[in-house]
Amino acid sequence: QVRLVESGGGVVQAGGSLRLSCAGSGIIVSDKTMGWYRQAPGKQREMVATVSRGGSTNYGDSVKGRFTISRDNGKNTVYLQMNSLKPEDTAIYYCKADQYGVYYWGRGTQVTVSS
């Protein structure tokens, strides 16, 4: 059974930092395209960052230069380092695994950035 469990969310002031973690079980994150997505109230879910099997990364325009996605294969975990946080980054952040077109999602972790 595939499980993705996010952690690390919380409340932070604007300009602060958080690091989100996505721990995988029943799946090997190193051989999947892994991604972070977010959904703010009343908005559609959007891509934040992805990392491919080969290590190529891709970022949403609104987070480029501020967020960094990384992977620890030994811990089977994907991270999202978020710096210079803004109130508009407030959302539920979800981890996603793409297993050859079959998608798995975590339950999400709330990030709230206060102004």
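Some points to look at:
- Any pair with Cβ under 7 angstrom, 6 or more apart, that starts in region 85-105 at a residue that is farther than 12 Å from Trp36 by Cβ and ends at one that is open to solvent by 70 Å² or more (accessible area, probe 1.4 Å) and not basic (Lys, Arg): Pro87/Ser115
- Selected residue (criterion: farthest from Ile69 (Cα to Cα)) from residues of region 33-57 that are surrounded by 11 or more Cβ atoms within 10 Å (Cβ to Cβ) and among the basic types (Lys, Arg): Arg45
- Any pair with Cβ under 7 angstrom, 6 or more apart, that starts in region 51-68 at a residue that is modelled with pLDDT of 95 or more and ends at one that is assigned to a loop (DSSP other than H, G, I, E, B): Arg66/Asn83; Arg66/Ser84
- Positions within region 61-75 being surrounded by fewer than 19 Cβ atoms within 10 Å (Cβ to Cβ) and farther than 15 Å from Thr33 by Cβ, in sequence order: Asp61, Ser62, Lys64, Gly65, Arg66, Thr68, Asp72, Gly74, Lys75
- Scope region 1-32; condition surrounded by 13 or more Cβ atoms within 10 Å (Cβ to Cβ), at pLDDT 95 or above, more than 14 Å from Tyr94 (Cβ to Cβ) and β-branched (Val, Ile, Thr); matching residues: Val12
The values are calculated or read from the model by the stated rules, or taken from the named source; none is laboratory data. Source: prediction; values computed, not measured. Cβ: placed from backbone, ideal geometry, glycine included. Neighbour counts: every protein chain shown. Each accessible area value is taken on the protein alone, full model and side chains, heavy atoms only, with ligands, DNA and RNA left out. Shrake-Rupley method; radii C 1.70, N 1.55, O 1.52, S 1.80 Å.
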